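Here's the structure, in structure tokens; my notes come after.
Derivation of every value follows stated rules applied to the coordinates shown; laboratory data play no part. What you see is a predicted model; the values in this text were computed from it and never measured. Quick reminder, even Gly has a Cβ in these numbers, built from the backbone with ideal geometry, and neighbours come from all protein chains shown.
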Amino acid sequence: MSKSYSSRDIVVLSGLEAIRKNPWMYVGSVSEPGAHQLLWELIYNSVDEALAGTCTRISVTLGPGSCRVEDDGRGIPTEMHPTEGVSACEVVLTRLHSGSKFSRDAYRFSAGLHGLGLSCVNALSERLEVEVRRGTLYRQEYVRGTPQGPLKTAGRTAGRGTTVTFQPDRTIFRTFKNFDEELCARFLEELSFLNPGVEFILSRGRGARPRSFRNRSGIAGLLARLNRDARPLFASPLSVRLEKKALSLDAVLQWTTDREPVIRSYVNCVNTMHGGTHVRAFLAGLTQAVNRAMADSGRLAGPGEAAAPDEVSEGLTAVIDLKLAHPNFEGQTKTRLTNADSSEAIEKAARDRVLAALKKDPHIAVVIADKILEVRKARIAARRIAEKIYFRRVDKKIDEEVYKEQFGARSKNWHDSAAWITDDKLLKAHAALFKPDRKALALDVCCGSGVVGASFRGRVRKTMGLDLTPQMVELARQRIDEVRQGNVYDIPFQDGMFDLVCTREVLHLLPWPEKPMSEIFRVLKPGGQFIVGQILPYGEADGPWMYRIFKKKQPLIFNMFQEEDFRRMLTDAGFTDLQMKELRVWESIDVWIDSYETTSLHRHEIRELYRNAPAEAKAVHPFKILPSGEIRDLWRWCVFSVKKPR
């Protein structure tokens with residue numbers, strides 16, 4: 001690297017070159033999701049025509065490594081652009097921040113990628129062909145964003161519309177092979193609920209039977225779909241509607257007997273899976289309405305007893321469909337809305353409409369209040385051991401394949417999925433609890449990549465590993481001496497074989513953890529040592545809240561141990577000489593939840609659990625929400641050491 005720094009070092013990327021140089025800035029990634037984002041952008045352009053009332057049919061055809069999107073909208077303008085010297089069609093395909101969506105004459109609402117949608121797809125495509133029907137048929141071809149000639153006429157045609165066929169560039173999307181048909185089907189079905197007058201068609205090329213999605217029931221139908229396996233507390237959903245010049249809100253909501261909230265939010269038909277200002281404003285207004293109704297009915301003892309947003313949202317299913325003239329999104333993939341100017345109107349609409357509905361039907365207000373008070377009562381009960389609602393153990397057989405599938409997928413980026421996995425201070429804390437013995441034989445159970453077992457290198461003669469997942473077995477073999485595949489419920493080693501057994505952040509994922517504990521006890525020699533690390537709540541106050549976060553992150557979780565319960569489990573297994581060392585490790589929640597097992601919806605809900613953390617949890621559990629929106633949690637790590645009596 002040169003030590004000089006001058007004007008020659010300033011690089012200016014022109015045109016589509018900027019997109020090809022840094023594609024993840026525009027589509028989020030250069031893997032499968034990024035390639036699909038290109039398809040979503042094309043579909044959103046067609047949906048914009050539907051929002052303008054000029055499109056009734058959108059067709060998506062999947063081919064080998066390619067896709068075609070066709071609509072019957074107005075068709076991209078084809079005449080020469082007054083200032084650019086090329087057709088308007090070529091302008092929107094090759095110029096950044098071009099399009100009619102910057103002027104609201106053509107579109108009142110739109111979901112386009114901030115004027116980058118078509119040009120972004122073109123820039124990141126190996127080949128792209130556009131056909132425009134406006135009485136005359138026009139065609140133009142591109143290779144990696146470069147036109148292979150001007151827009152040409154190809155005869156007369158009936159009807160209007162646009163067809164774009166493209167292949168994601170394999171030099172950019174190296175892991176991409178084909179578009180996921182089921183993922184596309186879910187995407188189109190969701191859009192069909194948001195656009196009840198539009199038919200969406202998905203096909204897999206010639207000869208394949210097309211699938212049609214048309215749902216005239218609108219977002220009420222989507223709510224019913226979300227609640228198909230739930231039991232609603234009342235029959236007819238509540239609705240919230242608001243129509244203003246630059247804003248249109250349509251929302252439906254219903255409470256169920258479930259504990260988990262399900263909130264789907266959309267802005268101009270884009271799924272804002274991470275929520276944003278519109279969701280926060282809606283929940284704020286909803287909370288105010290519910291508290292007012294509870295106060296009016298005498299269900300609140302006083303102002304300090306008001307329900308918190310997370311109490312009100314328990315068991316809530318809601319669909320929020322917002323149309324904005326000038327939406328501001330966090331990032332080009334539009335997963336979170338940041339408009340503050342619309343919050344007041346949304347909050348007021350939610351408060352006033354829901355309160356009016358609760359006054360009109362007091363029975364609904366009663367069942368909602370009963371549910372909130374039940375939730376509050378359950379939280380109080382949760383302050384001792386394993387509370388029945390949040391901490392119940394599921395009485396069923398172990399499904400090994402579920403664990404193998406999940407951790408097999410996670411093995412691909414295991415060390416990048418959480419800071420604590422390779423945290424040097426934490427690993428040293430495990431090793432420091434064992435007095436070096438060059439004759440000792442150690443076993444790392446549920447060893448993952450083997451980093452815990454490897455931390456004892458130099459302190460023991462040999463370290464062996466045990467893991468259920470073949471991919472993890474291969475990872476661990478890079479770090480520890482010998483690794484076998486096996487189940488911790490039936491450890492495949494003889495009695496009294498090991499001087500040391502270690503594990504970390506595993507027992508909470510296992511039903512009946514007493515059984516693995518007894519197996520560990522069995523394979524230890526008399527006088528042998530068991531060292532185990534576990535994230536634990538700071539106390540009784542944050543336990544239920546932490547469990548909800550961990551359950552959304554990791555569906556396999558069965559227990560959220562309190563320290564006292566974990567100690568008792570160790571001693572009940574027969575271990576003695578218990579010692580504990582406590583450490584604190586900062587973790588980026590955005591990194592922690594970006595994993596195979598955590599759905600997009602659950603990632604959004606985890607963030608909302610932090611933003612709306614109950615006061616009692618915040619009082620004991622340190623975490624930060626940075627100005628950037630990033631959430632950081634200070635995990636409480638407890639490393640225990642116990643011994644098997646001689």
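Calculate, for K245 and R170, the FRET efficiency according to 1/(1 + (r/R0)^6) with r their C-beta to C-beta distance and R0 30 Å; round to the nearest 0.05.
Working: r = 46 Å, r/R0 = 1.52.
FRET efficiency, K245 to R170: 0.10.
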Can you find, among I606, A356, A251, the residue sitting farthest towards the positive end of the charge dipole of the chain, where Lys and Arg contribute +1 and Asp and Glu -1 at Cβ? I606
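For the pairs K377/K515; K425/K644; K245/K348; K553/K581, flag any whose C-alpha to C-alpha distance is greater than 22 Å.
Numbers: K377/K515 32 Å; K425/K644 26 Å; K245/K348 16 Å; K553/K581 26 Å.
With Cα atoms farther than 22 Å apart: K377/K515; K425/K644; K553/K581.
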Can you say what percent of the DSSP beta bridges in segment 256-339, counting only those with both residues inside, are antiparallel? Round to 5. 30 percent
What aspartates and glutamates sit close enough to K439 to cross-link, taking a C-alpha to C-alpha distance under 20 Å and skipping anything fewer than 8 places away on the same chain? D481, E482, D495, D499
Which of L124, I19, P64 sits farthest toward the positive end of the charge dipole of segment 17-213, with +1 on the Cβ of Lys and Arg and -1 on the Cβ of Asp and Glu? P64
For an R0 of 51 angstrom, estimate the FRET efficiency from the Cβ-Cβ distance between T136 and L583 and round to the nearest 0.05. 0.10
As a check on your grasp of the helix formula, calculate [θ] at 222 nm for the chain: sum -39500 (n - 2.57) over DSSP H runs of n ≥ 4, divide by the residue count, round to the nearest 500. -9500 deg cm²/dmol
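Working from the alpha-carbon coordinates of segment 189-308, get Rg over Rh, Rh being the Kirkwood radius. Could the numbers behind the result be given before it?
On the way: Rg = 18.1 Å, Rh = 17.0 Å.
My calculation puts Rg/Rh at 1.07.
Can you tell me the dipole magnitude for the chain around its Cα centre, using point charges on the Cβ only (Lys, Arg +1; Asp, Glu -1), in Debye to the nearest 20?
Values: 96 positive and 81 negative charges, 75 e Å.
Result for the chain is approximately 360 debye, rounded to the nearest 20.
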Based only on Cα atoms, what mean projected area does the convex hull of segment 131-263 have, in nm²? 13.7 nm²
Can you give the log10 of the normalised intensity I(q)/I(0) at q = 0.14, 0.19, 0.20, 0.26 Å⁻¹, computed with Debye over equal Cα scatterers of segment 503-562? -0.46, -0.75, -0.81, -1.11
Kyte-Doolittle mean at least 0.0 and Cα extent at least 18 Å along the axis: which DSSP H helices of the chain qualify? 181-194, 277-296, 362-381
Separation between Cα centres of segment 35-77 and segment 223-271, rounded to whole Å: 26 Å
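Can you give the Rg to Rh ratio for segment 219-381, taking only C-alpha atoms and Rh from Kirkwood?
Details: Rg = 15.5 Å, Rh = 16.1 Å.
Radius of gyration over Kirkwood radius for segment 219-381 works out to 0.97.
Given the convex hull over the Cα atoms of segment 17-213, what projected area results after averaging over all orientations, in nm²? Please list the in-between numbers first.
Details: hull surface 42.9 nm².
Its average projected convex-hull area is 10.7 nm².
Kindly identify the chain as rounded, prolate or oblate by the Cα gyration tensor criterion: order the square roots of the eigenvalues as a ≥ b ≥ c, call it rounded if a/c is under 1.5, otherwise compare a/b with b/c, prolate if a/b is larger, else oblate. Mind showing how you got there, number by number?
Numbers: a/c = 2.33, a/b = 1.45, b/c = 1.60.
Verdict is oblate for the chain.
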Take every DSSP beta bridge with both residues inside segment 219-381 and express the antiparallel ones as a percent of the total, to the nearest 5. 75 percent
In nanometres, the difference between 0.36 nm per residue of separation and the alpha-carbon distance of R204 and Q485 is 97.1 nm
Rounded to the nearest 0.05, what FRET efficiency do V86 and D594 give with R0 = 51 Å and r taken as the Cβ-Cβ distance? Could you check? 0.80
